[in-house]
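The values are calculated or read from the model by the stated rules, or taken from the named source; none is laboratory data. This one's a predicted model, so the numbers in the text were calculated from it and none came from an experiment. Because the Cβ atoms are built from the backbone with ideal geometry, glycine has one as well, and the counts that use them run over all protein chains shown. Heavy atoms of the whole protein, side chains included, go into the accessibility calculation; ligands, DNA and RNA do not. Shrake-Rupley method; radii C 1.70, N 1.55, O 1.52, S 1.80 Å.
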Amino acid sequence: MRVVGLISGTSYDAIDAAAAELTLHKGVLTMTPLGMVSARYDDGLRAALAGALPPSRTTMAEVCRLDTLIGQAFAALAVRADCELCAGQAELIASHGQTVYHWVADGRAYGTLQIGQSAWIAEATGRPVVSDFRPRDLAAGGQGAPLVSLLDLLWLRGWPGVPVTLNLGGIANITVPSPGSPLAFDTGPANALLDAAVQDLTDGRLAYDAEGALAAAGEVHEPLLRRLLADPYYSLPAPKTTGKELFHLPYLRAALEGFAALSAADVLATLTRLTARTVADAVRPLGATEVIASGGGTRNPVLLAALRDELGGGVPVRSSDELGLPSDAKEAYAFAVLGFLTWHGLPGNVPECTGAAGPRVLGTITPGREGLRLPEPGGPVERLVLR
């Protein structure tokens with residue numbers, strides 16, 4: 001089955017679409033990656049989205065407008081992915097949508113909202129669409145995240161040692177895909193504060209610190225780092241999730257209060273070290289033998305060097321690309337897998353990782369042009385093999 005997975009992460013700069021050929025036979029899910037295409041949000045839509053996200057205030061009218069416009073943007077990329085990656089033969093679209101709010105209080109997740117109306121995708125492509133993956137896990141008592149943990153658990157089953165997978169998006173999250181006691185949680189900000197700082201300190205001239213060049217020119221400001229590390233989130237037990245509802249520009253500005261004016265380079269060097277330190281602090285107690293990283297942060301050599309420094313020489317850090325899974329497209333591939341599982345009536349969460357009461361079939365299905373004809377439920381999936 002050819003499936004296109006769609007996602008825009010917490011950095012909300014672009015939409016990624018990854019296509020895969022997926023087959024399930026005797027408990028083995030075989031995935032053949034077919035490639036990825038991306039499309040940036042146009043400047044107006046990105047600005048409107050940024051202006052509606054916390055801590056900004058918005059209206060239901062604006063939420064409705066964004067739901068439509070983002071759905072149309074996802075639909076356009078889905079059509080392109082079907083044409084360019086699947087020769088027009090895609091059978092299913094799996095859309096994560098755009099997270100605009102993740103409601104967490106006192107360590108518990110109460111709600112989550114991803115927008116990008118799936119009906120626009122189904123109408124444009126003619127294919128059925130699986131969307132709204134997170135709410136079912138959350139309704140079952142889970143955090144609704146990280147859902148990519150299932151792919152990691154299946155993919156690295158039987159892997160020697162104690163591998164830890166790391167995603168460096170707007171938020172950093174890790175998974176320990178141990179079959180006996182899997183664990184996953186958000187460690188804190190990855191690019192969220194870095195991107196906010198760059199945009200603010202350069203008056204919008206730059207969107208992010210390309211290859212960590214600005215941070216490389218600065219020095220870590222230890223008092224600021226200590227203040228940032230004192231945030232209560234880092235001491236919460238797993239499973240736990242967070243987002244830009246907490247780690248945003250006003251949060252950073254509040255942290256900077258009382259310090260003499262710091263250079264942009266020093267602020268970015270400190271935030272880079274914050275990400276590296278909080279990831280390493282989360283990984284170290286797990287007995288990790290290696291860290292397998294993915295996400296946009298892997299393109300920042302200064303961040304990766306800081307992480308290696310924090311972990312020490314005994315825990316190598318390498319990209320998922322080295323193992324055959326493109327790091328930039330990993331989350332999009334993960335949602336292609338989750339969509340496939342939903343289509344076949346199979347659970348997509350890992351309760352030990354999200355905190356849910358048990359396995360759940362995730363998502364909502366929007367029928368395609370030919371109506372809805374679901375296959376017979378599949379058998380349990382024991383592992384994933386890349387081809």
- Message: Step by step: first the residues of the range 211-229, then only those that are in contact with a Lys or Arg (Cβ under 8 Å, 6 or more places away or on another chain) and open to solvent by 20 Å² or more (accessible area, probe 1.4 Å), then the one that is nearest to residue 273 (Cα to Cα). Which residue is that?
- Response: 220
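Among the residues of the range 322-342, how many are of a type in the set (Phe, Trp, Tyr) and farther than 13 Å from residue 155 by Cβ?
Number of matching residues: 2.
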- Are any residues in the range 364-385 open to solvent by less than 100 Å² (accessible area, probe 1.4 Å) and not in a loop (DSSP other than H, G, I, E, B), and if so, which ones? 364, 365, 366, 368, 371, 384, 385
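Considering each of 131, 118 in turn, give the residue that is in contact with a helix residue (DSSP H, G or I) (Cβ under 6 Å, 6 or more places away or on another chain) and either over 17 Å from residue 14 (Cα atoms) or of a type outside the set (S, T, N, Q) (or both).
Of the residues listed, the single one that is in contact with a helix residue (DSSP H, G or I) (Cβ under 6 Å, 6 or more places away or on another chain) and either over 17 Å from residue 14 (Cα atoms) or of a type outside the set (S, T, N, Q) (or both) is 131.
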- Task: Kindly provide the set of residues from the range 170-190 that are open to solvent by 20 Å² or more (accessible area, probe 1.4 Å) and assigned to a loop (DSSP other than H, G, I, E, B), ordered by number.
- Result: 178, 179, 180, 181
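Looking only at the range 156-168, filter to residues that are buried (at least 19 other Cβ atoms within 10 Å of the Cβ) and either polar (S, T, N, Q) or touching an Asp or Glu at 6+ places or on another chain (Cβ under 8 Å) (or both); which one of those is nearest to residue 289 (Cα to Cα)?
Across the range 156-168, the extreme among qualifying residues is 163.
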- Task: With the checklist (1) open to solvent by less than 10 Å² (accessible area, probe 1.4 Å); (2) over 23 Å from residue 29 (Cβ atoms) in hand, flag the one item residue 137 doesn't pass.
- Result: (2)
- Please tell me if residue 325 is touching a strand residue (DSSP E or B) at 6+ places or on another chain (Cβ under 8 Å), farther than 30 Å from residue 114 by Cα and among the hydrophobic types (A, V, I, L, M, F, W, C). no
- All positions within the range 140-152 that are over 14 Å from residue 185 (Cα atoms) and open to solvent by 10 Å² or more (accessible area, probe 1.4 Å): 140, 141
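State all residues of the range 343-353 that are surrounded by fewer than 24 Cβ atoms within 10 Å (Cβ to Cβ) and in a helix (DSSP H, G or I); if no residue qualifies, say none.
343, 351, 352
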